[in-house]
Amino acid sequence: MTAVGDYVAAAAQPGPGDGGAPVVYDEMVGPDGSLRSAWAGLAPRIATLDGADLRRLGAQADQRVQDDGVVYHRSSGDDAPAVAERWRLDPLPVVLDQAEWASLEVGLVQRAELFEAVLADLYGPQRLLSRGVLPPEVVLGHREFARAAVGQPSGTRRLVVAATDLGRTSDGSWHVLADRTQAPSGAGYALENRRIVARVVPELYRDSGLQRLGPWFSAMRAALLAAAPDGPAGARVVVLSPGPESETAFDQAFLASTLGFPLVEGGDLVVREGAVWMRVLGGLEKVDVVVRRVDATWSDPLEMRADSRLGVPGLAEAARRGTVVVVNGLGSGVLENPGLLPYLAAACGDVLGEELRLPAVPTWWCGDPAGLSHVVAHLDDLWVRPISRADGPGVQPGSLDAAGRDDLVARLRAQPHAFVGQEAAALSQAPAVVDGALAAGPFSVRTFVVAQGQGYVPMLGALGRVGEEDPEHPRGSASKDVWVLGDRHQAGAPASPDEGTAYPVAAPAAMVPRLLEDMFWIGRYAERAEDLVRLLLATHALAADARARDDDPAAVAGLRTLLAALTHVSTTYPGLLDPSADVRAGLRALLVDPRQPGTVAHAVGGLERAAQGVRDQLSGDVWLVLGGVDRALAAARADRGASLGVLAQESSQVLCGLLALAGVTGDTMVRDAGWHLLDAGRGVERARQLVALLGSTLVEGRDAASEEVVVGAVLAATESILTYRRRYRGHASVAAVIDLLVLDPENPRSVAFSLARARSSLAAVPGASGGSRPARVLEGAHEELERADAGLLAGADGSDRPDLARFLGVLGSRLDDLADAVAAHHFAAPQVPRPYGQMPALDRDHR
């Protein structure tokens, strides 16, 4: 049988339920053992899939995820940095038919309209509380009830985007598992899933007749622009992120890129005269809408958490004045409150005059005496959760011993309003690709709606999860693309051949200093990695030559010089200078060790971290190239016993990726301030690497044979050997090398050319001037080069070169000063907000 046939047969086996019917609803297979109607049209395509096909599809999905740099950051607790985990995507979608989705989306829209009305009341007249429709304790006792949000101008929509987690029970009906109203995440992941699955199973995608996701993102963009206080014309919208290490940093950056809005952090914004402004080169730009991906309690250290480094001081006051609209509104997280679930049906009747269409999993609020009694009596059968997500995920059914139960009951009785009991939902199951077969796993979906006119429009698709029952801890599961079939156009969508395809677009030209700093470091890290790989390759070649001619003292001396140069250039002391060092192991570590500063892998890691911070500014090709570099490094890392020859081949693969990156950033990026800082970073770093290399190879005098070996290796490492041979005929000459690699303004690999490159790029950055500190340092370095004489610096053959050592030392110091001057002039960070009286913390250099 095929993989699908095996799955169908297993899913149709009778279970212990009534009448022998399966007790779990299967998303693909009906009770009679046939494919459900939504899958019927895809049957010819999927029926023949076997284990090899599934492995291939899984591998393709994994590679696409890596190529696109899709990650999820997992908090490791305490103050440790978050750990980036590769996003997991199952290549087989879950398919729902149009009629089924149509009834579901009515309930989703109703729920969003209800929540908007509830928020307006809770932060306004509070009639629902005074009339007892909602218990005051469950609202006012919730951590996300924001008193600072009271007094927002009437008529301002508080809920622009909402998400709802849903699961299907054994009878096929959908139930709400959780609501996401604070800063709903996942829409960007859903779109990325769709893009990847469309490439992995293009025939299924083409023939399915599914609804597209792009129109929903168009509607979201329109809704955010329309939310501006003065209307959409000329509105400035920004996406406020906690930073590149937040859990859903990819989602935030991908969403900002897709919508065409700049991604900012708290330090990029400032409140002046009651309005929010964005720091840009040369001044400030007024902000009209802040799409908040920072939880409300961290959004304003003046009125929320005073220790927050993520928010914008004064944001709440600006929102109350109506000069800026915060999306979703501060305090909207109070609806992410399972304690409200038992009362939403009554609230829906009171506010909308309708019956609530989407039921939630049965929930008992412990603040109600009857609810508390029920929860205590059924403790082993229920999830016990705090009403505030910040207080933790809760206690699983049956996970406590007798002492743990007693402790939990005591906590419930001490603070009954802070807890709920919930039935553990028996979720439906969906097929997932596992080890070349289809295995059933618990399935849930996250759906999205966005404001449109006076109502809401749902995304015709969803972010699915398979493999774990608890939707609040999905890290061990895989995501799913959820397809909704049908051919009708979504409201507000353009009718075009490419309807539904959302392409990331460049953010506006104005850039914040933090972004420019990341671009500068992308250039530096990329050049650092590329130059070190070239030096590694030159060393590999010399090592092979020395091994072939082990009785040749010149080859041996040349190898020692290159090993010392590798240590000095990478600053991995003592490294290969240690007489007992294993050369092969040391060269391998310099390539693949991500934990050791100075290695290629460490530089690539820094490059990727900087790129994550400006993902909204970079094309998808950048991530495609970085994915290839990661795979090349991973292959070399896995090959622990690789010979020097194999290590050289693996190093070459890494170099190919880094060269492709240089091509992508050089040929496809708009020449804005960010690109100019990236290019300046490359110029500065190339000059620094050259000075370090020449200082560790040419200063020491040696015999003519050894000199020739060293000069050849240096020229190979700097990709200048062909130019040297054409221009300088005859034996190796240190003076000629200095002329070519230091003083020649026409050689792209020279110090002079690199400084001219940095000067040109820095001059093109807005706010640059000839009298600035970077310009003055560059001028000083240029004067050093003009005064230099290659012949005098080279001295006599065979002798040490103290003049060259002094010259390179001065030049190296000037280059370090230049990097610091660029940072001080262009990236000067605003003072970090802190509570009154708190001593400033020492800054930690994360570079």
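FRET efficiency for D435 and A805, Cβ-Cβ distance as r, R0 = 41 Å, nearest 0.05?
Calculated transfer efficiency: 0.10.
Along the Cα→Cβ direction, 7 angstrom out, place labels at R560 and R56. What is the inter-label distance in nm?
The modelled label-to-label distance comes out at 5.6 nm.
Please give the helix 249-259 orientation as an angle from the longest Cα principal axis of the chain, in degrees from 0 to 90, rounded to the nearest 10.
Taking the Cα atoms of the chain, the angle to 249-259 is about 80 degrees.
On C-alpha positions alone, give me the angle between the axis of helix 673-697 and the longest principal axis of the chain, in degrees, nearest 10.
The two axes meet at around 40 degrees.
Could you let me know the centre-to-centre spacing of the stretch 734-752 and the stretch 509-565, using Cα atoms, in angstrom?
18
Once R0 is set to 30 Å, what does the formula 1/(1 + (r/R0)^6) return for the Cβ-Cβ distance between Q596 and D381, expressed as a FRET efficiency to the nearest 0.05?
Between Q596 and D381 the formula returns 0.05.
Where in the stretch 715-751 does the amide nitrogen come within less than 13 Å of the point 7 Å from the Cα of D797, taken along Cα to Cβ?
730-736
Kindly provide the pair-distance distribution of the stretch 362-470 built from C-alpha pairs, with 10 Å bins from 0 and whole-percent values in order of increasing distance.
13, 31, 25, 23, 8, 0
With the cut-off at 1.5 for a/c, could you classify the stretch 154-212 from its C-alpha gyration tensor as rounded, prolate or oblate?
oblate
Heavy-atom accessible area per residue, the chain, 1.4 Å probe: how many Å²?
Spelled out: the 1.4 Å probe surface of the chain, per residue, equals 41 Å².
If all Cα-Cα distances of the stretch 222-278 are sorted into 10 Å bins from 0 onward, what percent lands in each bin, rounded to whole numbers?
22, 47, 28, 3
Consider a paramagnetic label point 7 Å from the Cα of D391 along Cα→Cβ; state which residues of the stretch 300-321 have an amide N under 19 Å from it.
Within reach of a label on D391, which here means backbone N under 19 Å from a point 7 Å along Cα→Cβ, the stretch 300-321 contributes 305.
Test of understanding: express the Cα radius of gyration of the stretch 513-827 as a ratio to 2.2 N^0.38 Å, with N the residue count. Intermediate values should be presented prior to the final figure.
Working: Rg = 19.2 Å, N = 315, 2.2 N^0.38 = 19.6 Å.
With N residues counted in the stretch 513-827, Rg over 2.2 N^0.38 Å equals 0.98.
Give the peptides 429-442, 572-585 in descending order of average Cβ contacts within 10 Å, highest first.
Per-residue Cβ counts within 10 Å, averaged per peptide and sorted highest first, yield 429-442, 572-585.
By how many nm would the segment from D552 to Y573 lengthen if fully extended, with 0.36 nm per residue of separation less the alpha-carbon distance?
Values: separation 21, 0.36 × 21 = 7.56 nm, distance 2.75 nm.
Between D552 and Y573, full extension yields an extra 4.8 nm.
Two decimals is fine: what's Rg over Rh for the stretch 587-659, C-alpha atoms, Kirkwood radius as Rh?
1.00
Under a plain spin-label model, where a point goes 7 Å from the Cα along Cα-to-Cβ, how far apart in nm are S373 and Q98?
Each label point lies 7 Å from its Cα, and together they span 5.2 nm.
Quick check: residue separation of D406 and A40 times 0.36 nm, minus the Cα distance between them. What number comes out in nm? Let's see the in-between values first.
Values: separation 366, 0.36 × 366 = 131.76 nm, distance 5.22 nm.
Extending this stretch completely gives an extra 126.5 nm.
In nm, what is the difference between 0.36 nm times the number of residues separating S130 and S580 and their Cα-Cα distance?
Taking 0.36 nm per residue and subtracting the Cα distance, the gain is 154.1 nm.
If you take the Cα Rg of the chain and divide it by 2.2 N^0.38 Å, with N the number of residues, what do you get?
Here the answer is 1.09, to two decimals.
Ranked from highest to lowest mean number of other Cβ atoms within 10 Å per residue, what is the order of the peptides 738-747, 387-396, 589-598?
Most protected by this proxy first, the peptides run 738-747, 589-598, 387-396.
Could you check the simple spin-label distance between L644 and R773, using points 7 Å along Cα→Cβ, in nm with one decimal?
4.6
Sort 417-423, 768-774, 365-371 for me by packing, meaning the mean count of neighbouring Cβ atoms within 10 Å per residue, highest on top.
So the order, starting with the most tightly packed, is 417-423, 365-371, 768-774.
Which whole-percent values make up P(r) of the stretch 637-751 when all C-alpha to C-alpha distances are grouped in 5 Å steps starting at zero?
Spelled out bin by bin, the stretch 637-751 gives 2, 9, 16, 17, 17, 16, 13, 7, 3, 1, 0 percent.
Can you list the HN-Hα couplings for the stretch 29-40, worked out from phi with the Karplus curve (6.51, -1.76, 1.60; θ = phi - 60°), rounded to whole Hz and with x for Gly and Pro?
Here the 3J(HN,Hα) series is 10, x, x, 8, x, 9, 5, 5, 4, 5, 8, 4 Hz.
Taking 35 Å as R0, compute the FRET efficiency from the Cβ-Cβ separation of A824 and R729 and round it to 0.05.
So, using R0 = 35 Å, E works out to roughly 0.15.
The values are calculated or read from the model by the stated rules, or taken from the named source; none is laboratory data. As the structure is a prediction and not an experimental result, all values here were calculated from the model. Counting neighbours? That spans all protein chains shown, and the Cβs are built from the backbone with ideal geometry, glycine included. The area values use the complete protein model at the heavy-atom level, side chains included, leaving out ligands, DNA and RNA. Shrake-Rupley method; radii C 1.70, N 1.55, O 1.52, S 1.80 Å.
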